[in-house]
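Participant: Please find one structure pasted underneath; my questions will follow.
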Amino acid sequence: MGKTQGFCGKDPCKYMFIGEYLYIIDNKKRIAIPSKFRKDLGKKAVVTRGVDKCLVVYSNEEWSKMALKLSSLPTGQIDARNFARIMLSGASEVGLDKLGRILIPDFLKNYAFLKKNVAVLGLSNRIEIWDQTKWQEYKKKTEMAVGDIAEKLKELGV
(Lines give C-alpha, C1' and ligand atoms only; values in the text may rest on other atoms or scores of the structure.)
Protein backbone atom coordinates (compact mmCIF):
# COMPACT_ATOMS: atom_id res chain seq x y z
CA MET A 1 0.00 0.00 0.00
CA GLY A 2 1.21 3.48 -0.69
CA LYS A 3 1.90 5.94 2.07
CA THR A 4 -1.16 7.96 1.12
CA GLN A 5 -3.58 5.13 1.82
CA GLY A 6 -4.99 4.66 5.28
CA PHE A 7 -4.73 7.10 8.14
CA CYS A 8 -2.95 6.86 11.47
CA GLY A 9 -4.11 9.85 13.46
CA LYS A 10 -3.97 13.00 11.35
CA ASP A 11 -1.06 11.89 9.17
CA PRO A 12 -1.25 9.44 6.28
CA CYS A 13 0.32 6.11 7.16
CA LYS A 14 1.81 3.22 5.30
CA TYR A 15 -0.43 0.55 6.84
CA MET A 16 -4.07 -0.25 6.56
CA PHE A 17 -4.63 -3.53 8.32
CA ILE A 18 -8.38 -4.13 8.47
CA GLY A 19 -10.66 -7.10 8.94
CA GLU A 20 -11.25 -10.14 11.13
CA TYR A 21 -9.80 -13.55 10.30
CA LEU A 22 -10.09 -16.87 12.10
CA TYR A 23 -7.11 -19.21 12.31
CA ILE A 24 -5.81 -22.18 14.25
CA ILE A 25 -2.56 -22.29 16.20
CA ASP A 26 -0.62 -25.27 14.91
CA ASN A 27 1.23 -27.81 17.07
CA LYS A 28 4.41 -25.71 16.85
CA LYS A 29 2.64 -22.59 18.23
CA ARG A 30 2.55 -20.81 14.87
CA ILE A 31 -0.26 -18.53 13.72
CA ALA A 32 -0.85 -17.52 10.11
CA ILE A 33 -0.95 -13.82 9.34
CA PRO A 34 -3.60 -12.97 6.71
CA SER A 35 -2.00 -12.88 3.25
CA LYS A 36 -3.21 -9.33 2.59
CA PHE A 37 -1.23 -8.14 5.68
CA ARG A 38 2.06 -9.85 4.91
CA LYS A 39 3.49 -7.43 2.35
CA ASP A 40 3.05 -4.43 4.64
CA LEU A 41 4.20 -6.32 7.72
CA GLY A 42 7.46 -7.42 6.12
CA LYS A 43 9.61 -10.47 6.90
CA LYS A 44 9.93 -9.57 10.59
CA ALA A 45 7.57 -8.02 13.08
CA VAL A 46 7.24 -7.42 16.81
CA VAL A 47 4.58 -9.08 18.96
CA THR A 48 3.84 -7.91 22.51
CA ARG A 49 1.16 -7.85 25.17
CA GLY A 50 -2.04 -5.96 24.41
CA VAL A 51 -4.05 -4.11 27.03
CA ASP A 52 -7.14 -6.35 26.73
CA LYS A 53 -5.41 -9.72 27.27
CA CYS A 54 -4.69 -10.07 23.57
CA LEU A 55 -1.45 -9.81 21.62
CA VAL A 56 -0.46 -6.91 19.39
CA VAL A 57 1.68 -7.31 16.28
CA TYR A 58 3.53 -4.30 14.86
CA SER A 59 5.66 -3.89 11.77
CA ASN A 60 9.23 -2.99 12.74
CA GLU A 61 8.57 0.59 11.61
CA GLU A 62 5.44 0.94 13.76
CA TRP A 63 7.13 -0.77 16.70
CA SER A 64 9.98 1.76 16.55
CA LYS A 65 7.42 4.56 16.87
CA MET A 66 5.67 2.79 19.77
CA ALA A 67 8.91 1.98 21.58
CA LEU A 68 9.98 5.62 21.29
CA LYS A 69 6.67 6.77 22.81
CA LEU A 70 6.96 4.20 25.61
CA SER A 71 10.55 5.12 26.40
CA SER A 72 9.52 8.79 26.52
CA LEU A 73 6.96 8.22 29.28
CA PRO A 74 7.89 9.86 32.60
CA THR A 75 9.70 7.35 34.79
CA GLY A 76 8.62 9.31 37.86
CA GLN A 77 5.01 8.20 37.37
CA ILE A 78 4.39 4.66 38.49
CA ASP A 79 1.59 3.93 35.99
CA ALA A 80 3.71 5.15 33.08
CA ARG A 81 6.70 3.19 34.31
CA ASN A 82 4.64 0.02 34.81
CA PHE A 83 2.96 0.27 31.40
CA ALA A 84 6.26 0.81 29.57
CA ARG A 85 7.85 -2.04 31.51
CA ILE A 86 5.08 -4.52 30.63
CA MET A 87 4.90 -3.54 26.95
CA LEU A 88 8.65 -3.40 26.32
CA SER A 89 9.63 -6.46 28.34
CA GLY A 90 6.88 -8.47 26.65
CA ALA A 91 8.01 -7.59 23.14
CA SER A 92 9.46 -10.29 20.95
CA GLU A 93 10.74 -10.03 17.40
CA VAL A 94 9.19 -12.69 15.20
CA GLY A 95 9.89 -13.72 11.64
CA LEU A 96 7.28 -14.70 9.09
CA ASP A 97 8.01 -18.08 7.53
CA LYS A 98 7.37 -18.93 3.86
CA LEU A 99 3.72 -19.64 4.65
CA GLY A 100 3.24 -16.32 6.46
CA ARG A 101 3.16 -17.77 9.98
CA ILE A 102 4.70 -16.35 13.14
CA LEU A 103 5.81 -18.30 16.18
CA ILE A 104 4.17 -17.11 19.40
CA PRO A 105 6.45 -17.39 22.45
CA ASP A 106 4.96 -19.40 25.33
CA PHE A 107 4.83 -16.46 27.74
CA LEU A 108 2.76 -14.43 25.26
CA LYS A 109 0.55 -17.38 24.37
CA ASN A 110 -0.16 -17.83 28.09
CA TYR A 111 -0.71 -14.10 28.66
CA ALA A 112 -3.45 -13.96 26.00
CA PHE A 113 -4.93 -17.36 26.96
CA LEU A 114 -4.47 -18.54 23.38
CA LYS A 115 -5.64 -22.07 22.86
CA LYS A 116 -6.28 -23.57 19.43
CA ASN A 117 -8.67 -21.14 17.70
CA VAL A 118 -7.67 -17.51 17.36
CA ALA A 119 -8.99 -14.32 15.80
CA VAL A 120 -6.53 -12.12 13.93
CA LEU A 121 -7.75 -8.53 13.65
CA GLY A 122 -6.51 -5.72 11.44
CA LEU A 123 -6.64 -2.40 13.29
CA SER A 124 -5.13 0.18 10.92
CA ASN A 125 -1.45 0.30 11.94
CA ARG A 126 -1.39 -2.84 14.09
CA ILE A 127 -2.72 -6.39 14.24
CA GLU A 128 -4.30 -8.00 17.30
CA ILE A 129 -4.42 -11.71 18.08
CA TRP A 130 -7.15 -12.94 20.42
CA ASP A 131 -8.30 -16.29 21.70
CA GLN A 132 -11.36 -16.80 19.49
CA THR A 133 -13.77 -17.43 22.38
CA LYS A 134 -12.54 -14.38 24.30
CA TRP A 135 -12.81 -12.27 21.14
CA GLN A 136 -16.40 -13.40 20.51
CA GLU A 137 -17.33 -12.53 24.11
CA TYR A 138 -15.61 -9.14 23.92
CA LYS A 139 -17.14 -8.35 20.54
CA LYS A 140 -20.66 -9.29 21.65
CA LYS A 141 -20.39 -7.15 24.77
CA THR A 142 -18.94 -4.20 22.85
CA GLU A 143 -21.51 -4.45 20.05
CA MET A 144 -24.26 -4.24 22.68
CA ALA A 145 -22.75 -0.98 23.98
CA VAL A 146 -21.78 0.60 20.65
CA GLY A 147 -24.39 3.36 20.95
CA ASP A 148 -23.10 4.43 24.37
CA ILE A 149 -19.51 4.24 23.15
CA ALA A 150 -20.34 6.42 20.14
CA GLU A 151 -21.89 9.04 22.44
CA LYS A 152 -18.72 9.16 24.55
CA LEU A 153 -16.53 9.42 21.46
CA LYS A 154 -18.50 12.47 20.29
CA GLU A 155 -16.73 14.37 23.07
CA LEU A 156 -13.43 13.49 21.39
CA GLY A 157 -14.64 14.69 18.00
CA VAL A 158 -15.19 11.23 16.48
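The values are calculated or read from the model by the stated rules, or taken from the named source; none is laboratory data. What you are looking at is a predicted structure, and each value in this text was computed from that prediction instead of being measured. For neighbour counting, all protein chains shown are included, and Cβ atoms are generated from backbone atoms with ideal geometry for every residue, glycine included.
Participant: Output the residues belonging to the range 88-103 that are farther than 25 Å from LEU68 by Cβ and aliphatic (A, V, I, L, M). Walk me through how you get there before you give the answer.
Facilitator: Within the range 88-103, the subset farther than 25 Å from LEU68 by Cβ is 97-101, 103.
LEU99, LEU103 - these are the residues of the range 88-103 that are farther than 25 Å from LEU68 by Cβ and aliphatic (A, V, I, L, M).
Participant: Can you pull out the residues in the range 79-133 that are farther than 15 Å from PRO34 by Cα and assigned to a strand (DSSP E or B)?
Facilitator: Passing the criteria: SER92, GLU93, VAL94, ASP131.
Participant: While we're on this one: Is it fair to say GLU128 is more than 15 Å from TYR21 (Cα to Cα) and among the acidic types (Asp, Glu)?
Facilitator: no
Participant: Being part of a strand (DSSP E or B) and among the polar types (S, T, N, Q), is that true of even one residue in the range 135-158? Please lay out each step first, then the result.
Facilitator: Our first condition is that a residue be part of a strand (DSSP E or B); within the range 135-158, this holds for none.
Taking every residue of the range 135-158 in turn, none turns out to be part of a strand (DSSP E or B) and among the polar types (S, T, N, Q).
Participant: Now for a different question. Going by the conditions given, is VAL47 modelled with pLDDT of 95 or more, crowded, with 19+ Cβ neighbours inside 10 Å, closer than 15 Å to SER124 by Cα and under 14 Å from the mean Cα position of the chain (by Cα)? Reasoning before the result, please.
Facilitator: Values: modelled with pLDDT of 95 or more: yes; crowded, with 19+ Cβ neighbours inside 10 Å: yes; closer than 15 Å to SER124 by Cα: no; under 14 Å from the mean Cα position of the chain (by Cα): yes.
In short, no.
Participant: Please name all residue pairs, on different chains or six or more residues apart, with Cβ atoms under 6 Å, provided the first residue is in the range 38-61 and is assigned to a loop (DSSP other than H, G, I, E, B) and the second residue is not small (Gly, Ala, Ser).
Facilitator: Pairs that qualify, where the first residue is assigned to a loop (DSSP other than H, G, I, E, B) and the partner is not small (Gly, Ala, Ser), are LYS43/LEU96; GLY50/VAL56; GLY50/GLU128; CYS54/GLU128; CYS54/TRP130.
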